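Structure first, commentary second.
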Amino acid sequence: MTAEPDLRTRRVYEAPDPDDGLRVLVDRLWPRGLAKEAARLDDWVKAVAPSTELRRWYGHDPERHEEFTRRYEAELDDPDHREAVERLRTLARSGRPLTLLTATGDIGHSHLPTLVSRLY
């Protein structure tokens with residue numbers, strides 16, 4: 001029996017924490033104003049992020065979140081996204097905590113809750 005993955009979500013702008021384990025950016029774009037050294041990333045999995053078209057349509061409008069989630073779930077089923085999700089699953093099962101990072105200000109209305117649900 002495999003242990004449940006230890007998944008965490010944080011904003012990439014927050015100071016790294018020693019308990020973060022593997023730190024993986026899951027945004028398509030590099031966060032504005034953040035130096036690569038300051039991010040202290042172990043990986044950047046761009047392909048798992050929502051498409052540019054979906055991100056622009058959504059615009060982080062909470063009233064569109066339900067439809068955004070539905071559309072993002074559909075994107076996660078395409079081959080490029082599936083491969084990226086599998087890469088994250090492998091990291092999540094490494095025995096170390098996995099912290100998914102985003103530049104989004106409102107994590108609860110971002111793609112992270114949907115992505116985390118796919119990793120269990």
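The values are calculated or read from the model by the stated rules, or taken from the named source; none is laboratory data. None of the values given here were measured: they were computed from a predicted structure. So basically every Cβ, Gly included, is an ideal-geometry build from the backbone, and we count neighbours across all protein chains shown.
Could you tell me whether A74 is without any contact (Cβ under 8 Å) to a residue 60 or more places away in the chain and small (G, A, S)? Criteria met by A74. If you go through segment 55-78 and keep only what is under 21 Å from A103 (Cβ atoms), charged (D, E, K, R) and part of a helix (DSSP H, G or I), you end up with R55, R56, R64, R71, E75. Of the residues making up segment 32-49, those that are within 29 Å of D77 (Cα to Cα) and among the acidic types (D, E) are D42, D43.
Hey, does segment 67-77 have a residue that's surrounded by fewer than 12 Cβ atoms within 10 Å (Cβ to Cβ) and of a type outside the set (A, V, I, L, M)? Within segment 67-77, one or more residues are surrounded by fewer than 12 Cβ atoms within 10 Å (Cβ to Cβ) and of a type outside the set (A, V, I, L, M). Whenever a residue of segment 83-101 is touching a residue at least 24 places away in the same chain (Cβ under 8 Å) and surrounded by 23 or more Cβ atoms within 10 Å (Cβ to Cβ), its partners that are assigned to a helix (DSSP H, G or I) and of a type in the set (G, A, S), lying with C-beta atoms within less than 6 angstrom and at least six residues away or across chains, give the pairs L98/A92.
If I filter segment 32-54 for residues that are outside any helix (DSSP H, G or I), in contact with a Gly (Cβ under 7 Å, 6 or more places away or on another chain) and under 23 Å from Y13 (Cα atoms), do I get at least one hit?
Of the residues in segment 32-54, the ones outside any helix (DSSP H, G or I) are 32-35, 40-45, 49-51.
Restricting the remaining residues to those that are in contact with a Gly (Cβ under 7 Å, 6 or more places away or on another chain) gives none.
For segment 32-54, residues outside any helix (DSSP H, G or I), in contact with a Gly (Cβ under 7 Å, 6 or more places away or on another chain) and under 23 Å from Y13 (Cα atoms): absent.
Quick check on this structure: which one of E37, E53, E63, E67 is free of Cβ contacts under 8 Å to residues at least 40 places away in the same chain and closer than 19 Å to S117 by Cα? So the residue among E37, E53, E63, E67 that is free of Cβ contacts under 8 Å to residues at least 40 places away in the same chain and closer than 19 Å to S117 by Cα is E67.
The rows are residues; the columns are (1) β-branched (V, I, T); (2) surrounded by 15 or more Cβ atoms within 10 Å (Cβ to Cβ); (3) at pLDDT 95 or above; (4) touching a Cys at 6+ places or on another chain (Cβ under 9 Å).
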site	(1), (2), (3), (4)
E4	no, no, no, no
L7	no, yes, yes, no
R10	no, yes, yes, no
D20	no, yes, yes, no
R23	no, yes, yes, no
V26	yes, yes, yes, no
P31	no, yes, yes, no
K36	no, no, no, no
